[in-house]
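The block underneath contains the structure these notes are about, expressed in structure tokens.
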Amino acid sequence: MRNITFPQGDTVPVLGQGTWMMGEKPERRRDEIAALRLGVSLGMTLVDTAEMYGEGATESLVGEALDGMRDEVFLVSKVYPHNASQRGVVAACERSLKRLRTDRIDLYLLHWRGDVPLEDTIAGFEALIEAGKIRQWGVSNFDADDMDELFDAPGGTACATDQVLLNLSRRGPEFDLMPWLATNRLPMMAYSPIEQGRLPTNGVLSEIARKRHVEPLQIALAWVLSRPGVIAIPKAGSEAHVRANRAAHDIKLSDEELNLLDHHFEAPSRKRPLEMI
């Protein structure tokens, strides 16, 4: 699998696993755990979660799924903005660690920007690094101007990544955020890379998929994976879905196919507000 490197030196696969809305329905728990474990075995060793997901239920599922596999995984979690004060972020991390059944989080993100001053959150992150509870930190749902403010804050240049919404129908970050991250040598993490399965699968996606004997949403995921400097974290709640995502990694879209997709899902020609789901 292709890899990407964070500024601090950690190398991770460009295709990881998201977990939003997992762990919330008991009847799906066994399948979701099996899916996560299969994904790790197939090389999708970056696993992303958050304290917000299921109000901790998803982190608990991830902790159970990764039992015996923790050292194989690059584990990402996120803190609520209202928990992101200097002391609050430390307490929130401790709760996440307990649910995740681990002694450290590899990458800890501020889930979105709130009212807490950035310098207070950064100070809390630095305390967690000093204590060995997290290895590095980053942000999520920050636009280019937010990233400017972050980098101007004391310690802000230690940020490892920005996790945002990016897929064929939500291409706003390509206009200014992706260039900003590239200039500052930060990878982007793309959540909902297939719009939670809601992308229109007729038309050009279906046409390209039919010629390649794959599924349309695999083409959509392959497009995200073709973006330079991007890590995609699709969710998969079944083993079949995990295998489909893994297969999408190996689809190399031609210039002609990329041009077709650009024609039907246009890149932004002006600044768009950052979108969140």
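In table form, for the structure just shown:
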item	result
Residues that are over 28 Å from residue 145 (Cβ atoms) and either at pLDDT below 95 or open to solvent by 10 Å² or more (accessible area, probe 1.4 Å) (or both), drawn from segment 74-84	74
Flag if residue 214 is under 21 Å from the mean Cα position of the chain (by Cα) and on the phi < 0 side of the Ramachandran plot	no
Residues of segment 124-155 satisfying the condition of being open to solvent by 30 Å² or more (accessible area, probe 1.4 Å), part of a helix (DSSP H, G or I) and under 22 Å from residue 91 (Cβ atoms)	126, 127, 129, 130
Subset tally (residues that are open to solvent by 20 Å² or more (accessible area, probe 1.4 Å) and under 23 Å from residue 6 (Cβ atoms)) for segment 169-223	10
All positions within segment 99-151 that are of a type in the set (Gly, Ala, Ser) and in contact with a strand residue (DSSP E or B) (Cβ under 9 Å, 6 or more places away or on another chain)	124, 138, 140
Scan of segment 179-196 for residues that are out of contact with any helix residue (DSSP H, G or I) (no Cβ under 6 Å at 6 or more places or on another chain), under 19 Å from residue 48 (Cβ atoms) and modelled with pLDDT of 95 or more, ordered by number	181, 186, 187, 189, 191, 192
Odd one out for residue 46 among (1) closer than 22 Å to residue 131 by Cβ; (2) open to solvent by less than 20 Å² (accessible area, probe 1.4 Å); (3) touching a residue at least 40 places away in the same chain (Cβ under 8 Å)	(1)
Number of the exception - residue 87 against (1) touching a helix residue (DSSP H, G or I) at 6+ places or on another chain (Cβ under 8 Å); (2) without any contact (Cβ under 8 Å) to a residue 40 or more places away in the chain; (3) buried (at least 18 other Cβ atoms within 10 Å of the Cβ)	(3)
Candidates 211, 252, 235, filtered to the one that is closer than 15 Å to residue 17 by Cα and either β-branched (Val, Ile, Thr) or modelled with pLDDT of 95 or more (or both)	235
Test: residue in segment 172-179 that is assigned to a helix (DSSP H, G or I), of a type in the set (Phe, Trp, Tyr) and closer than 26 Å to residue 139 by Cβ	no
Test: residue in segment 256-263 that is open to solvent by 20 Å² or more (accessible area, probe 1.4 Å), out of contact with any strand residue (DSSP E or B) (no Cβ under 7 Å at 6 or more places or on another chain) and in a loop (DSSP other than H, G, I, E, B)	no
Every pair of residues 6+ apart whose Cβ atoms lie under 7 Å, when the first sits in segment 233-249 and is without any contact (Cβ under 8 Å) to a residue 40 or more places away in the chain and farther than 12 Å from residue 218 by Cβ while the second is of a type in the set (Ser, Thr, Tyr) and assigned to a loop (DSSP other than H, G, I, E, B)	none
Positions within segment 39-74 being within 13 Å of residue 101 (Cβ to Cβ), among the small types (Gly, Ala, Ser) and either under 18 Å from the mean Cα position of the chain (by Cα) or assigned to a helix (DSSP H, G or I) (or both), in sequence order	56, 60, 63, 65
Unmet criterion (only one of (1) without any contact (Cβ under 8 Å) to a residue 24 or more places away in the chain; (2) open to solvent by less than 50 Å² (accessible area, probe 1.4 Å); (3) on the phi > 0 side of the Ramachandran plot) for residue 229	(1)
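The values are calculated or read from the model by the stated rules, or taken from the named source; none is laboratory data. Just so it is clear, the structure is predicted and the values come from calculations on it, not from any experiment. Neighbour counts are summed over all protein chains in view; Cβ atoms, including those assigned to glycine, are modelled from backbone coordinates with ideal geometry. Surface accessibility is based on the protein's heavy atoms, side chains included, excluding ligands, DNA and RNA. Shrake-Rupley method; radii C 1.70, N 1.55, O 1.52, S 1.80 Å.
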